[in-house]
Amino acid sequence: MALCKRQNSAKQTEDIRPPKPLFRMEFAELIKTPRVDGVVLHRPFMPTVEGTLCLTGHHLILSSRQDNTEELWLLHSNIDSIEKRFVGSLGTIIVKCKDLRIIQLDIPGMEECLNIASSIEALSTLDSVSLMYPFFYRPMFEVIEDGWNLFLPEQAFKHIEAVTDEWRLSSVNKDFAVCPTYPQLVIVPKDIDDDTLRKVATFRHGGRFPVLSYYHKKNGMVMMRAGQPLTGTNGRRCKEDEKLINATLRAGKRGYIIDTRTINVAQQAKARAGGFEQEANYPQWRRIHKAIERSNILQESLIKLVEACNDQSHSMDRWLSKLEASNWQTHVKEILTTACLAAQCIDREGASVLVHGTEGTDSTLQVTSLAQIILDPGCRTIRGFQALVEREWLQAGHPFQQRCAQSAYSMGKPRWEAPIFLLFLDCVWQILRQFPCSFQFNEHFLVLLFEHAYASQFGTFMGNNAAERLKLKLSQKTVSLWSWVNRPQEMERFLNPLYEPNSLVIWPSVAPQSLQLWEGVFLRWNRSSKCLEEAYEEMLHIIEYNKELQNKVNALRKQVAQLETEDSLLDTP
């Protein structure tokens, strides 16, 4: 069992709050009542607090003069939806958060309650990106390492260049001229020139031509990712595309194309000018179809899962039927199964792999990043995992701004929202739970990434791709999450005390019995964490005691060796 001490969100952010509440003219007309006294706060498994509620441009703050009570600092961007209730002159606002928390505010006075509710609704749904909190946030800590410069494509290429000369770093996408969702620098086969890449881009969805995702040092096999080919109903062909992906094959070797859609969905895509690779044009490649669901299905699944987890009926049949009906664990299983398949093709079959779905920005990235967790021990370190998220999610064009705009409590009809990244983190947690000593980071680090993907003071997850982040000047105007995480005093909280470096490939079980509900995310606000915290503390104590015993054993061995040496000297005539 992978244990991780749950830490209170208020404590986590003590040193990353703003020095004072920010209030700008843009927000003035949205805040009808900036302050109300005598507000009572109810939170799961925490004492009731009475205090003063204040609204700023970006935060809902409740502070109390009671001793030993923590302030509530809640980002408006973390609010998914609110509900209003009234009993006489007393109003109640139920605040449902994107991190799945539910808090209750009892507000004296109907007018004050209505004004607060109206203000929260307006401030939590701001359309202007420039008004979002990361642009206003000023860190209270010294930035030792600038996270914006830690994981650049040039640095990733240096690792490839050190082990092979078969790839090159191309600037064909300079100014995002070829593909708007790729970074400006991409790694491609050395023998393929930029003109060929431009032609291939016209044949792939969104211009997402095949690029290198992972190089397996053990046998030189590679994993690439792309958008779907635009074959259409007429079976359009692109010889440059065939040349590009064939350039990754060794002599006499075959490759695998893993399409994350079912064959029926892929066939239907032809009617919309999409499609898949025809066997006749790609004879050296075997195509395998998997069944990872589309974004709208996944969003519905998350909503149903959270509804099941919040069900207080205490009926076992109802709980199990609701959990099954959500299909969440089925999605986790399918994604992990596909990632294991990609890893197996590379490591055991000795074959290169091309992964794509439709756009190449959702299920494709889930598969390529999880396959690397399985294959590459470097990705299981805390820095390596950060680099993976940067390379395979942020730089690869996963649309975080769209996918994480709403969470499980949103009242509106989903547009682009989907828990793609959360599902990836869930899959990582499943592997971490099965291999608790093979990861340098703990569960708390995964939960942190989930929280910051949906609402953050940092600019890391803003925008939908590298082009948008450059246009918004995020690296100049906002702070990177990695700048905070990588400070020694912070990183210590994210380290796994059981970690022992493991250079081997790890093969997770995807049997239904092996997969569990991620309680650290989906049940953390529904039950007390006291027992888990006590178990975690006991585990740390045992680990520390074991180290002490090991040191004593080593010291005694040295004494024995020294005594044996002295004896042999005495015995010498």
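The values are calculated or read from the model by the stated rules, or taken from the named source; none is laboratory data. All values derive from a computational prediction rather than experimental measurement. Note that we place each Cβ from the backbone using ideal geometry, even for glycine, and neighbour counts take in every protein chain shown. Areas reflect the complete protein model, heavy atoms only, side chains present, ligands, DNA and RNA absent. Shrake-Rupley method; radii C 1.70, N 1.55, O 1.52, S 1.80 Å.
What helices (runs of 4 or more DSSP H) lie completely within the range 363-452 and have 1 or more residues being in contact with a strand residue (DSSP E or B) (Cβ under 7 Å, 6 or more places away or on another chain) and either free of Cβ contacts under 8 Å to residues at least 12 places away in the same chain or surrounded by fewer than 20 Cβ atoms within 10 Å (Cβ to Cβ) (or both)?
In the range 363-452, 382-389 are the helices (runs of 4 or more DSSP H) which contain 1 or more residues that are in contact with a strand residue (DSSP E or B) (Cβ under 7 Å, 6 or more places away or on another chain) and either free of Cβ contacts under 8 Å to residues at least 12 places away in the same chain or surrounded by fewer than 20 Cβ atoms within 10 Å (Cβ to Cβ) (or both).
Which one of Asn281, Asn234, Asn219 is open to solvent by 20 Å² or more (accessible area, probe 1.4 Å), closer than 28 Å to Pro183 by Cα and outside any helix (DSSP H, G or I)?
Just one listed residue meets the conditions, Asn219.
Specify which of the listed residues (Leu517, Leu470, Leu504) is outside any helix (DSSP H, G or I), among the hydrophobic types (A, V, I, L, M, F, W, C) and surrounded by 15 or more Cβ atoms within 10 Å (Cβ to Cβ).
Going through Leu517, Leu470, Leu504 in turn, the sole match is Leu517.
Among the residues in the range 73-82, are any open to solvent by 10 Å² or more (accessible area, probe 1.4 Å) and either over 28 Å from the mean Cα position of the chain (by Cα) or without any contact (Cβ under 8 Å) to a residue 24 or more places away in the chain (or both)?
no
Per-residue answers, yes or no, for (1) in contact (Cβ under 8 Å) with a residue 12 or more places away in the chain; (2) of a type in the set (Val, Ile, Thr):
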| residue | (1), (2) |
| --- | --- |
| Val95 | yes, yes |
| Asp99 | yes, no |
| Asp106 | yes, no |
| Gly109 | yes, no |
| Glu112 | yes, no |
| Thr125 | no, yes |
| Val129 | yes, yes |
| Met132 | yes, no |
| Trp148 | yes, no |
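Go through (1) modelled with pLDDT under 80; (2) touching an Asp or Glu at 6+ places or on another chain (Cβ under 9 Å) for Trp525 and report which single condition fails.
Going through the list (1) modelled with pLDDT under 80; (2) touching an Asp or Glu at 6+ places or on another chain (Cβ under 9 Å), Trp525 breaks only (1).
Step by step: first the residues of the range 333-350, then only those that are touching a residue at least 60 places away in the same chain (Cβ under 8 Å) and not in a helix (DSSP H, G or I), then the one that is farthest from Ser213 (Cα to Cα). Which residue is that?
Glu349
So that you can scan it fast, the table gives a plain yes or no per residue for (1) modelled with pLDDT of 80 or more; (2) open to solvent by less than 60 Å² (accessible area, probe 1.4 Å); (3) under 30 Å from Glu537 (Cβ atoms):
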| position | (1), (2), (3) |
| --- | --- |
| Arg17 | no, yes, yes |
| Lys32 | yes, no, no |
| Arg43 | yes, yes, yes |
| Val49 | yes, yes, yes |
| Leu62 | yes, yes, yes |
| Arg85 | yes, no, no |
| Pro108 | yes, yes, no |
| Glu111 | yes, no, no |
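Give the range 290-319 a look and list any residue that's open to solvent by less than 90 Å² (accessible area, probe 1.4 Å) and farther than 22 Å from Phe424 by Cβ, or say none.
Asn310, Asp311, Ser313, Ser315, Trp319
In the range 162-216, which residue that is at positive phi and not aromatic (Phe, Trp, Tyr) is most open to solvent (accessible area, probe 1.4 Å)?
Looking at the filtered set, the residue picked out is Asp175.
Taking Ser483 and the conditions (1) farther than 30 Å from Val178 by Cα; (2) among the small types (Gly, Ala, Ser); (3) part of a loop (DSSP other than H, G, I, E, B); (4) modelled with pLDDT of 95 or more, which numbered condition does it fall short on, given that it satisfies the others?
(3)
Just give me the residues in the range 255-278 being under 30 Å from Asn219 (Cβ atoms) and either buried (at least 16 other Cβ atoms within 10 Å of the Cβ) or in contact with a Lys or Arg (Cβ under 6 Å, 6 or more places away or on another chain) (or both), in sequence order.
Within the range 255-278, Gly255, Tyr256, Ile257, Ile258, Asp259, Thr260, Arg261, Ala266, Phe276, Glu277 qualify.
Determine whether Tyr182 is under 22 Å from Asn465 (Cα atoms), touching a residue at least 60 places away in the same chain (Cβ under 8 Å), in a loop (DSSP other than H, G, I, E, B) and not basic (Lys, Arg).
When the stated conditions are applied, Tyr182 passes them.
Of a type in the set (Ser, Thr, Tyr) and in a helix (DSSP H, G or I): does that describe Thr330?
For Thr330, the condition - of a type in the set (Ser, Thr, Tyr) and in a helix (DSSP H, G or I) - is met.
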